[in-house]
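Colleague: Could you have a look at this structure, given as structure tokens, before my questions?
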Amino acid sequence: MKVAYLGPRGSFCSVVAEYAFPTDKRCAYDSIIEVIEAYEQACCDFALIPIENSTEGSVTMSIDKLFHDSKADVVGEFTLPISQNLLGHASEQPLELIYSHPQALAQTRNYLRAHYPYAQVQVMPSTSAAAEFVQQHPERPIAAVANYQAAEMFDLEILAENIQDSAQNTTRFWLLGKDKQRFDLPVQGQKVSLALTLPHNLPGALHKAISVFAWRDIDMTKIESRPLKTQLGQYFFVIDVVNNKENRSKISFAIEELVTLGVQVRVLGDYLVYAVDEV
Ligand SMILES: O=C(O)C(=O)C[C@]1(C(=O)O)C=C[C@@H](O)C=C1
């Protein structure tokens, strides 16, 4: 079995991939887009993508690519507490540039502004790609925001640890695949995720759409709009609801009601949520 993930090794995605698929073939790709494309082109059986962080919100590249260019199903979710660190080379020179994934830079924004107000930040495709880049340029006054595993892997000094602005910093990752798998990890719950496209000519369309969950007492854990990429002001909505014994049949009836309202419904997945330990 093959699982594609955002690499190189040492990324948070690779940490989750190693926990979930310790004995399977794990293939690192350079971007989230390439991970999803690898899955679409059947180069792997599963694809692991970051979807949302508690500080910075949705990983919009993942949601948009999944909605617009892929039919993949979500077959699992992993939540990982995220601890960020500043990695570099021991040097007296003040840091001029700090590299990382945009999500990691956003999660450490206050810390970096307070401690390195004169350093510029530079976006990289992943935290581990940033660490690798810093390793390759020992002569430059640069650093990366990444995890402990990346520090070890790329032989970098930890200049500052636990620099995330929120102590509860956590990221959700989705596993795309055909078959549901059971993982040897603690289960936190079960959810159904939907992507809804509302009819344009229905007044109160969003209100009507979400009321199908409200009056059935189905707990919604997320709602987010993203551009349909057609014209300004047109969106699709990603909605997550809790799936449990009481909700199971109610969710199918809610979906039927949405269709009756003229809402286009894509079931992104019905999946278990697993907890992964901090790195
Ligand atoms: O760059 C990484 O290490 C990733 O796995 C990506 C990613 C993300 O896109 O959210 C994953 C977890 C952290 O929130 C920061 C970055």
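The values are calculated or read from the model by the stated rules, or taken from the named source; none is laboratory data. Treat the numbers as computed from the prediction; the structure is a model and nothing was measured. Every residue, glycine among them, receives a Cβ derived from its backbone with ideal geometry; neighbour counts consider all protein chains shown.
Colleague: For region 20-58, which residues satisfy the criterion of being away from the ligand (no atom under 11 Å from the Cβ), crowded, with 18+ Cβ neighbours inside 10 Å and either touching a residue at least 60 places away in the same chain (Cβ under 8 Å) or part of a strand (DSSP E or B) (or both)?
Modeller: 20, 26, 29, 36, 39, 45, 46, 47, listed by residue number.
Colleague: Could I ask something else about it? Within region 93-148, can you find the residues that are within 9 Å of the ligand (Cβ to nearest atom) and either in a loop (DSSP other than H, G, I, E, B) or among the acidic types (Asp, Glu) (or both)?
Modeller: Residues satisfying the conditions are 101, 124, 125, 126, 147.
Colleague: What's the number of the only condition in (1) in a helix (DSSP H, G or I); (2) hydrophobic (A, V, I, L, M, F, W, C); (3) touching a Lys or Arg at 6+ places or on another chain (Cβ under 9 Å) that residue 66 fails to meet?
Modeller: For residue 66, the exception is condition (3).
Colleague: So residue 213 clears everything in (1) loosely packed, with under 13 Cβ neighbours inside 10 Å; (2) outside the structural domain of residue 116 (by TED's automatic domain parsing) except one condition, right? Which one?
Modeller: The failed condition is (1).
Colleague: Of everything in region 179-203, what is closer than 18 Å to residue 276 by Cβ and either among the aromatic types (Phe, Trp, Tyr) or in contact with an Asp or Glu (Cβ under 6 Å, 6 or more places away or on another chain) (or both)? Give them in sequence order.
Modeller: 183, 191
Colleague: Starting from region 1-18, keep only residues that are surrounded by 24 or more Cβ atoms within 10 Å (Cβ to Cβ), then list their pairs with residues that are at pLDDT below 95 whose Cβ atoms are within a distance under 7 Å, requiring at least 6 positions of separation or different chains.
Modeller: Close Cβ pairs satisfying both conditions: 15/279.
Colleague: Further question: Any residue in region 91-113 that is closer than 22 Å to residue 275 by Cα, surrounded by fewer than 23 Cβ atoms within 10 Å (Cβ to Cβ) and not hydrophobic (A, V, I, L, M, F, W, C)?
Modeller: no
Colleague: Now for a separate question. For residues that are assigned to a loop (DSSP other than H, G, I, E, B) and either within 30 Å of residue 265 (Cα to Cα) or at pLDDT 95 or above (or both), scanning just region 69-92, find the one that is farthest from the ligand (Cβ to nearest atom).
Modeller: In this case the residue turns out to be 71.
Colleague: Separate question: Quick one: would you say residue 173 is within 15 Å of the ligand (Cβ to nearest atom) and hydrophobic (A, V, I, L, M, F, W, C)?
Modeller: For residue 173, the condition - within 15 Å of the ligand (Cβ to nearest atom) and hydrophobic (A, V, I, L, M, F, W, C) - is met.
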